[in-house]
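Everything below concerns the one structure shown next.
Just so it is clear, none of the values below were taken in a lab; they were calculated from the coordinates. Everything quoted here is computed from the prediction, not taken from an experiment. Every residue, glycine as well, gets a Cβ built from its backbone with ideal geometry; the counts of neighbours run over all protein chains shown.
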Amino acid sequence: MRTGEVTTTGRRPRTWLSWLPALLLVAAAVAPLVLYWLGNVDDQRLVDLDVYRTGGAAVLEGRPVYGFVTPAPQLLPFTYPPVAALLATPLAAVSWTAAQWAWTALIFLTLAVTVWLSFRAVLSFRATPSGAGTAPGTPGTPDAVPGTPGGEPTRTAGTPQGVRARLGRLGRLGRLGGTGAGLLWTPLLFAALMIACTYLMPIRDQVRFGQVDILLVALCLADCVARRPVWPRGMLIGLATAVKLTPGVFLIYLLIAGFGPGARREHRGTFLVAALTAALLTLLPFLVIPADAADFWFRALLDPERLGANAATTNQSMRGMLIRLYLPDALTSLLWVALVAVVAWYGFRHARRALLDGHLVAGVALVGLMAVLLSPVAWIHHLAWVVVVLGALAGDGRDPVRLRVAAGVWLYYVLPIPWWGVTIKAAEIPVLSPVLGKIVQNGFGLGALALVWLLGVWLPRRRAAFRALP
């Protein structure tokens, strides 16, 4: 009996029970991280959440949203668009303790959505009754997404003899239905992926600082890959863009997909909905908190130092890496503009190709990397897009080479590599410290550049090579 089918007694199997061990496993694995940061000293605990909450309180109390800083030693200002302050008012209406736990729960909920959508091809894999296997992406299988942006089903990949037996075993496991290990396969795999992604450094920092990035990732990803959304497609991208601006790269993505050569009507519609949603949410604060709205768009937004020390190690954008070279300001700006133009052309071109070829997760991952690399300031926690990158690299799990590459990328972003660079520089070893230290200090940003090539060039070639295997 397959999961979800009616039994001979007319009762459905209690598939939800199979998820209980997985949820307990995830809870046990992430508890040390959560308890450590939520038990931190007051002035180091979820400091970005404190910014959101204080911004919401400023709205409720009629104080200037962009005129405060959080208490010492953080002294952090509110740096988000005014609609974010309006949306943060519920955080200000509850106690600090309740806000911390509710926000942390939201981080893991949106991480779960991101993991599920990013790794859906392997999580929803089922082999055919013959055991030979059907690739996700074949019409009628879980990865076929007609009607979505770039919604052409991807072509069925070949099934090399070396993995055919493994597909057969997975298929038999999935067909065990409500008994034993078969029912636990998908939940336990999901639990393993959740735990692995939780301990990526950008995700650990989500919990440490109480950041909003993984929520924005989930919104953009769901808008692009959900099969039958109950919302107008594009609305979530518009919401994310209005809240933090950097997801606005998805408007560029949809624009070039919807109006360039080979464009489709659904892409144009998605772009228009996203742009309209972002515009309405941007204009709304001018009706509710007009002074704050004007203050943000005509003053606060133009001051990059409000975001923090731009030369800090945690800024892994291309501009951050250039600033740490300590070149003349004019030369730094010129190099940055040139790099933005080149990387944007390269990244969006490959993202559009991935979209039109039906590789939606890869397209989203590429655009997410653009949000990090092209931004003037991109902290390490902005690299929450790595979760989507890992899902794109892993695919449906049939290609061992792609799995090994995904595992390598995972390990790279688990390790605190930029801080190793700081340590190397502090060692003051002639020649080695200033050169190697600088490269390692920029490790996550340079890694993001490598990931653009990996997803845009290497991954399509690997798909073709895998299909060509006998």
In angstroms, what radius of gyration and Dmax does region 320-470 have, counting Cα atoms only?
17.0, 56
For region 199-340, report the convex hull volume of the alpha-carbon atoms normalised per residue, in Å³, without decimals.
166
Taking the radius of gyration and the Kirkwood hydrodynamic radius from Cα positions alone, what is the Rg/Rh ratio for region 405-444, to two decimal places?
1.10
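Could you tell me what a quarter of the Cα convex hull surface of region 184-266 works out to, in nm² with one decimal place?
On the way: hull surface 30.3 nm².
Taking the Cα atoms of region 184-266, their convex hull projects to 7.6 nm² on average.
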With a 10 Å radius around each residue's Cβ, average the other Cβ atoms per peptide and rank 326-336, 68-78, highest first.
68-78, 326-336
Quick one: putting +1 on the C-beta of Lys and Arg, -1 on the C-beta of Asp and Glu, what dipole do you get for region 342-470 around its Cα centre, in Debye to the nearest 20?
400
Space enclosed by the convex hull of the alpha-carbon atoms of region 299-396, per residue, Å³:
107
Through the Karplus equation 6.51 cos²θ - 1.76 cosθ + 1.60, θ set to phi - 60°, convert the phi angles of region 99-110 into ³J(HN,Hα) values in whole Hz; use x for Gly and Pro.
4, 4, 5, 5, 5, 4, 4, 5, 4, 6, 5, 6
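Between L188 and A465, what is the FRET efficiency for a Förster distance of 41 Å, r being their Cβ-Cβ separation, to the nearest 0.05?
So the FRET efficiency works out to roughly 0.85.
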Per residue, how big is the convex hull around the C-alpha atoms of region 20-78? Give it to me in cubic angstrom, could you?
96
What size of dipole, in debye to the nearest 20, comes out for region 208-298 about its Cα centre when the only charges are +1 on Lys and Arg C-beta atoms and -1 on Asp and Glu C-beta atoms?
480
Please give the contour-minus-distance gain from S95 to R227: 0.36 nm per residue of separation, less the Cα-Cα distance, rounded to one decimal in nm.
43.7 nm
Compute the Rg to Rh ratio over region 227-266 from the alpha carbon atoms, using the Kirkwood formula for Rh, and round to two decimal places.
1.02
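Ranking request for peptides 417-426, 457-466: highest mean number of other beta-carbon atoms within 10 Å first, then the rest in descending order.
417-426, 457-466
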With the charge dipole of region 378-470 built from beta-carbon charges (+1 for Lys and Arg, -1 for Asp and Glu) about the Cα centre, the Cα from T423, I380, A465 projecting farthest to the positive end belongs to A465
